[in-house]
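The values are calculated or read from the model by the stated rules, or taken from the named source; none is laboratory data. Predicted, not measured: the structure shown is a model, and the values here were computed from it. When we count neighbours, we look across all protein chains shown, and the Cβ atoms used for this are built from the backbone with ideal geometry, even at glycine. Surface areas here come from the heavy atoms of the whole protein model, side chains and all, with no ligands, DNA or RNA. Shrake-Rupley method; radii C 1.70, N 1.55, O 1.52, S 1.80 Å.
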Amino acid sequence: MFRIIAVHLGSFPADTPEGDELYTSLLAFVPVSKREKLGRFRHRQDALRSLTGELLARDMASEVLGMARSAVELAANSYGKPYVKDAPSFHFNVSHAGGWVVCAAGGEPIGADVEREAPLDASLPAVVLTEPERMTLEAAGEAEGRARFYRYWTAKESFVKQLGTGLSTDPLTITITDPDGDSGVLWNGVRQPCRVYRWQLDAEHPLAVCSTESPAPGALQCVEASGWLTAYGAAAR
């Protein structure tokens, strides 16, 4: 079974002296290569999302694998999907958007995607959705159609991330069988062994997780950034 931790960054005081001090202290818990990448972000909030995602992955891997967080060694496949070295029984995936950072982890390949709902570019559905899927948007009306688009989008993104193939997989080859609830997936017309599970983190942020496993009871844990990041720093010392 898989589980998910979702960290809410909305109230984190990233641009205050206190927030800066906490952010800087947490850099000590990631490798130099990660710190260099974080240093290239133009905006602190973007760097904070990326840092939080790595800390989440390290925390969940440490708990499941019974090793120190500092001993967790992350790598990426040829498509850029991260994994924990020498831990074939542990799989995770990170996603972030708006005020949320999410990490889903389990014993089988897994993909997670969270998006922040925003007004749609009129050209976007044709790039992401099949014709029958676009028709369900048109039948739903503007507000519900936009929400449904993001449910499709997060579902397809979570499936692609579960595959680990990145942008090489055309979303038009993927069919989501249920746009509203938990859903099966067809890829090039063939039903896949995985399933997409959905949550709503808040009014603007839908979350989809794709796995061949089922979610654990109470799979989703939502926490506030200030408390979680402070606790991470204290526990890792």
Filter the stretch 146-180 down to the residues that are within 12 Å of Thr130 (Cα to Cα) and charged (D, E, K, R), then identify the one that is modelled with the lowest pLDDT. Asp170
Per the filter on the stretch 85-109, residues more than 23 Å from Ser226 (Cβ to Cβ) and touching a Lys or Arg at 6+ places or on another chain (Cβ under 8 Å) are Asn93, Gly106
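Consider the stretch 149-175. How many of its residues are assigned to a helix (DSSP H, G or I) and open to solvent by less than 70 Å² (accessible area, probe 1.4 Å)?
18
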Looking at the structure I just gave you, is Cys222 of a type outside the set (D, E, K, R), open to solvent by 60 Å² or more (accessible area, probe 1.4 Å), part of a strand (DSSP E or B) and touching a Phe, Trp or Tyr at 6+ places or on another chain (Cβ under 9 Å)? yes
Taking only the stretch 176-211 into account, find how many residues are of a type in the set (A, V, I, L, M), open to solvent by 60 Å² or more (accessible area, probe 1.4 Å) and either in a strand (DSSP E or B) or farther than 22 Å from Pro125 by Cα (or both). 1
